[in-house]
Every structure is written in C-alpha cells, then in structure tokens.
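To keep things clear, I will list the structure first and then write my remarks on it.
What follows draws every value from the coordinates through simple rules; no lab data is involved. Owing to the predicted nature of the structure, the values given are computational and were not obtained by experimental measurement. FYI the Cβ positions are ideal-geometry reconstructions off the backbone, even for glycines, and counts take in every protein chain you see.
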Amino acid sequence: MDVSYVAMHMSDGIVNAPTSVSFAVLALAAMALCAWRARTELDERAVPLAGLVAAFIFAVQMVNFPILPGVSGHLLGGALAAILVGPFTGALCIAIVLVVQSLLFADGGVTALGTNITNMALIGVAAGYGTAVLLYTLARRRSEQVPTGVLGGIAFASALAGTVCAAMGFVIEYAVGGASSTSLGMVAGYMFGTHVLIGIGEGVITAVTVMAVAQARPDLVYLLRRSRVEVPA
Amino acid sequence: MTRRRGMFWAIFAAVTLVVAGGVSYFASSSPDGLDSATLQGCQVIENGGEEVLTGDCIAQHASDHPLSASPLADYTVAGHDWSGGLAGVIGVAVTLAVAGAAFWAIARSKSRAARRD
C-alpha cells in the first residue's frame, strides 16, 4: 500500500463475510425506504441543493484534519446533509458519496459498502438529525425565530452526536463479526475517544455550513422548512 | 432577487470545487480515527518501498481493494502525484451527476403520482 494514501472508510475483510452480507442487506433495504420517503422531502425546487450537498460532502471528506499526533479525521456529513435536505434525502446523499468513493476511487471496500453505509448514512444521519430536531424544538419554545448563532450551536451538537454514534456502529460490527484478536474494549475506547475529537471538527464544519446557507437562503434549509409546515411545539 | 439567488448557487459550487481541487492538497495524510484503530497493535515498517505491518492488528485482515488498479484509485489520476485536485474535481462532478439524476428522478416520480390523483 502507498505511504501517502487517503483511505478513509472500512476496507474489505475487516469483518467476516456473513456480517458484511447482513449489513449489505440492511443498507440496501434502508436505502430503498429512503428513496421512497425522500419523495416527501424532495420537490423540484429542493433537487439542486440535494445534489450540491452530496458533491460538497464528497469534497470536504477529502480534507483530513489532524486530531492527534499521527491521527487525522474527516467529515462524515450525516448531520449536515440531514439538516440541509432532510433525513431520507440526506442518507441517500451520504450513500451516493460512499458508492462513488468505493467504485471510482477505491476508497472503502466494496463488500464493506453495507457496513460503511450503515454507519455513516444510517446511524450518522439518524443520530445527527434526531439531535437536531430535539434541540431545535427546544430552541423554538424559547423564541419563535431561532437566531442563526443558536442554529449553529444545534448543528455543532448534532454533528458531534452523529459522528460518535457512527463510530459506535463500527464497534457493533466488529463485535458481531470482527476478524481479529484485538479486544473489543480497546476498539470501543479508541473509536470513542478519536471520534469525539473528529466530531468537534465535524461540528465546526457543519455549524459554519448550516449558518452560511441559513443566512443566504433560509427557505432552502430543511430543518427550518419542516417546522413551518408543522404545528410549532 | 434572482441575481442574489444565482449568486448563492455560484458560491456554493465554487466553494465545493475549491475544497476538492485545492484545499484537498493540505489534507493530513495520517490515518483517520478508524484506520488508526485498525492499526492498534501493529507497527508499520518500510520494506523496499512497501509498507509492511508487523504485530497483531485488525488492518492485517483487510484485503486489497478489488478496484485498486482503477485509474482514479487513491484520489489520483493514473497515480500522478500532482493529480489529487483533478481527481477531486472529477469526483465532485460525478457525485453531482449521480445525486442530481437520482434526486430528480425521485422528485419527478412524486409529481407524476400527484398528477394521477
């Protein structure tokens, strides 16, 4: 393997075949559901932002930032995508990025696509978006018009939560079918610690991006759109 | 207003291209949190230009990528050192095309269903 490689996701062979197949089936079923449910989020007006968000996440994922000596991290993008374009469309955005990375750039295994999609597109989006809805609902109880700075804080916390939960997805997969003797406790502790740090970077990128879009085009931000059609809490 | 809206898309697209085509050169080449976790217990040693893992770690079980010979493997174009930014721009274009087509199809299937009702 080249020294200056930019591999970022799970490779093939890290979990055993039955585990890879199980998560591939899960990921495929979930993506079909997302494609169905995304119809409630996507109208012709929302399509350009959704496409651009996927491309933006591909670009930002290339930029690994240092978190510890000899260890880096990069954006996963689940919370960012879900806040901007909705959870179902957002999960599809991340899955498309992962498929392009694996099939075109040989980054992230092919049989590992199921586990990578489960971690970043399903768990990352669900945890990130769940946190965002919870915090945004609380913020709206204080004031009808949530200030942009508060929205940034919500985006930061959601991204941090999404990143740490996505990392725990790997720990679960390793526990189920890990093909190595490294202890589970060691993997869990290491993944948790590094992904809290990565989550801080993810949180900053997510907050800056969400605030910039909300400032320029609040009508496009799904989290803000959604609460206008629903009864305020 | 239309001009301002046009500006939003232009800036968003420009930032995306600059990140993929330029900022990506400044990316850390250290393994990320996940890779680093899979390397715990191993030492990476150079052996005739090849990286070899000694010890006992998860990464030893990783197989080579089946498409590692692809012309865009490892975010380069045909393996050229300078080509990371170009690979990034190609990736942005492909992702935009795939995602745009998928989302357009989903949105269109909805408006078709609505017309049937």
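Applied to the stretch A:9-22, the Karplus parametrisation 6.51 cos²θ - 1.76 cosθ + 1.60 on θ = phi - 60° returns per-residue 3J(HN,Hα) values of 10, 4, 8, 5, x, 6, 10, 6, 4, x, 5, 4, 5, 4 Hz, with x for Gly and Pro.
Rounded to whole numbers, the Karplus 3J(HN,Hα) couplings from phi for the stretch B:66-72 are x, 10, 5, 8, 5, x, 10 Hz, using 6.51 cos²θ - 1.76 cosθ + 1.60 with θ = phi - 60°, and x at Gly and Pro. Can you grab the distance from the C-alpha centre of the stretch A:152-216 to the C-alpha centre of the stretch A:8-73, Å, no decimals? When both Cα centres are located, 13 Å separates them.
Remark: spin-label model distance B:Ser111-A:Ser181 equals 6.1 nm, labels positioned 7 Å along the Cα→Cβ axis.
Only helices enter this figure: runs of n ≥ 4 DSSP H residues, each worth -39500 (n - 2.57), summed and divided by the residues of chain A, yield -22500 deg cm²/dmol at 222 nm to the nearest 500. Relative to its residue count, the stretch A:105-175 spans a Cα convex hull of 90 Å³ per residue. Candidates A:Leu76, A:Gly189, A:Ala55 compared by Cα position along the dipole of the protein assembly as shown: farthest toward the positive end lies A:Ala55, with charges placed on Cβ. Loop-located GluC sites (Glu not before Pro) in the stretch A:145-233 (DSSP state not H, G, I, E or B) with no more than 12 neighbouring Cβ atoms inside 10 Å: A:Glu230. Largest first, the extents of the alpha carbon coordinates of the stretch A:149-224 on the three principal axes equal 51, 19, 13 Å. Axis of helix A:124-142 versus longest Cα principal axis of chain A: the two differ by about 30°, to the nearest ten degrees. Only residues of the stretch A:86-127 count here: report those whose backbone N is under 19 Å from the spot 7 Å along Cα→Cβ of B:Ser68, or say none. So the set is A:101-113. Taking Cα centroids, how far is the stretch B:1-36 from the stretch B:42-56 in Å? If we compute the Cα centre of each part, the gap is 34 Å. Between the Cα long axis of helix A:148-177 and the first principal axis of chain A there is an angle of about 30°, rounded to the nearest 10. Across all Cα atoms of the protein assembly as shown, the radius of gyration (one decimal) and Dmax (whole number) stand at 19.8, 68 Å. When a/c is below 1.5 the answer is rounded, else prolate if a/b is larger than b/c, else oblate, so apply that to the stretch A:1-97 with a ≥ b ≥ c taken from the square roots of the Cα gyration tensor eigenvalues. Judged from the Cα gyration tensor, the stretch A:1-97 comes out oblate (a/c at least 1.5, b/c at or above a/b). With the convex hull drawn around the C-alpha atoms of the stretch A:69-149, the volume per residue stands at 124 Å³.
Where does helix B:2-21 land angle-wise versus the long Cα axis of chain B, in degrees 0 to 90, nearest 10? Once rounded, one gets 10 degrees.
In order along the stretch B:27-38, the phi-based Karplus estimate (6.51 cos²θ - 1.76 cosθ + 1.60, θ = phi - 60°) of 3J(HN,Hα) comes to 5, 5, 9, 5, x, 7, x, 5, 4, 5, 5, 6 Hz; Gly and Pro are listed as x. The per residue volume of the convex hull around the alpha-carbon atoms of chain B is 193 Å³.
Annotation: the residues A:Ile198, A:Ile67, sorted from fewest to most other C-beta atoms within 10 Å of their own C-beta, follow the order A:Ile67, A:Ile198.
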